[in-house]
Amino acid sequence: MKFALMINQGPYTHQASDTAYHFACAVLKAGHEVFRIFFYHDGVNNATRMTTPPQDDRHVIDRWSELASQHKLDLVVCVAAAQRRGILDEDEARRHGKDGDNLAPGFRISGLGQLIEAGIEADRFLVFGN
Amino acid sequence: MYVNRRAPHGTIYGHEGLEVVLVGAAFDQEVSMAFVGDGVFQLKQAQDTSGIGTKNFAGAYRALADYDVTRLYVETESLEERGLTVGDLMPLTYEDEEDNDQEKSSITLIDRASLGQLFEAQDVILNF
């Protein structure tokens with residue numbers, strides 16, 4: 001079965017990103033496909049590689065990057081939501097004259113059309129976080 | 001179906017939700033919106049955010065008809081519980097091409113039980 005996920009809360013404050021991660025792992029382990037994971041609202045904060053949690057805690061962002069590289073997942077961050085919250089890839093940083101970018105590996109920045117397409121393409125579309 | 005559950009300006013959900021609706025309209029899908037709970041305040045007339053310095057995006061609701069988003073369901077009980085009537089909402093209309101371009105209201109009042117059935121019939125629901 002083809003799944004698509006949407007994550008609407010940032011890391012650490014809410015469990016939504018953790019739950020989505022464990023759900024994605026379970027889906028992949030069961031042999032299903034994850035078509036796309038879309039990050040919106042404060043969920044875009046899951047995509048900054050500047051995140052530096054204490055060593056004895058899980059690294060929510062690295063975990064997503066690793067899962068993406070292992071399973072060739074499509075992790076998409078909404079460009080408008082990301083810019084509002086200071087999440088930029090190299091191109092966006094240059095375009096807006098910022099002194100650095102912070103998008104974590106395995107994520108890409110794109111538009112809301114990717115969210116709509118995920119809803120259309122997937123057999124099951126699940127939303128994590130309100 | 002896009003479901004609005006929150007008042008417009010205290011959180012960004014209404015604003016970013018509306019952006020999804022407008023982008024989603026470019027895809028050839030059957031689209032509707034529902035307004036429940038404090039979400040009915042999204043459609044309140046004469047919103048003014050000048051006192052709080054946030055962007056007043058409420059005007060963008062008037063653009064929905066241009067994007068062929070013409071089915072806005074407002075839950076009757078939610079309106080009543082908040083002392084509102086349909087007259088307190090923005091007069092959102094569209095021109096019905098299948099009916100001699102007659103101007104019709106985009107807003108349909110719907111009771112809680114019927115809205116539940118409508119939810120049941122959706123392929124994808126996004127809550128904002």
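The values are calculated or read from the model by the stated rules, or taken from the named source; none is laboratory data. Predicted model, so just to flag it, every value in this text is computed and none were measured. Every residue, glycine as well, gets a Cβ built from its backbone with ideal geometry; the counts of neighbours run over all protein chains shown. We work out accessible area using only protein heavy atoms, side chains counted, and drop any ligands, DNA or RNA first. Shrake-Rupley method; radii C 1.70, N 1.55, O 1.52, S 1.80 Å.
Observations on the model:
- Residue tally, condition outside any loop (DSSP other than H, G, I, E, B) and crowded, with 18+ Cβ neighbours inside 10 Å, over the range B:23-37: 5
- Condition met for B:Thr85 (out of contact with any helix residue (DSSP H, G or I) (no Cβ under 6 Å at 6 or more places or on another chain), open to solvent by less than 70 Å² (accessible area, probe 1.4 Å), at pLDDT 95 or above and not aromatic (Phe, Trp, Tyr)): no
- Residues that are within 14 Å of chain B (Cβ to nearest Cβ) and surrounded by fewer than 20 Cβ atoms within 10 Å (Cβ to Cβ) number at least 1 in the following helices (runs of 4 or more DSSP H) confined to the range A:1-102: A:79-84.
- Restricting the range B:88-128 to residues that are open to solvent by 60 Å² or more (accessible area, probe 1.4 Å) and of a type in the set (A, V, I, L, M), the residue that is nearest to the chain's Cα centre (by Cα): B:Leu109
- Selection count, the range B:60-82, where residues are open to solvent by 70 Å² or more (accessible area, probe 1.4 Å), in contact with a Ser or Thr (Cβ under 6 Å, 6 or more places away or on another chain) and not basic (Lys, Arg): 0
- Enumeration of residues in the range B:50-59 that are loosely packed, with under 14 Cβ neighbours inside 10 Å and either in contact with a helix residue (DSSP H, G or I) (Cβ under 8 Å, 6 or more places away or on another chain) or assigned to a helix (DSSP H, G or I) (or both): B:Lys55, B:Gly59
- Residues located in the range A:103-130, provided they are within 16 Å of the chain's Cα centre (by Cα) and either more than 10 Å from chain B (Cβ to nearest Cβ) or more than 20 Å from A:Leu73 (Cβ to Cβ) (or both): A:Leu103, A:Ala104, A:Pro105, A:Gly106, A:Phe107, A:Arg108, A:Ile109, A:Ser110, A:Leu126, A:Phe128, A:Gly129, A:Asn130
- Note on the range B:16-55: residues that are under 13 Å from the mean Cα position of the chain (by Cα) and of a type outside the set (D, E, K, R) amount to 18.
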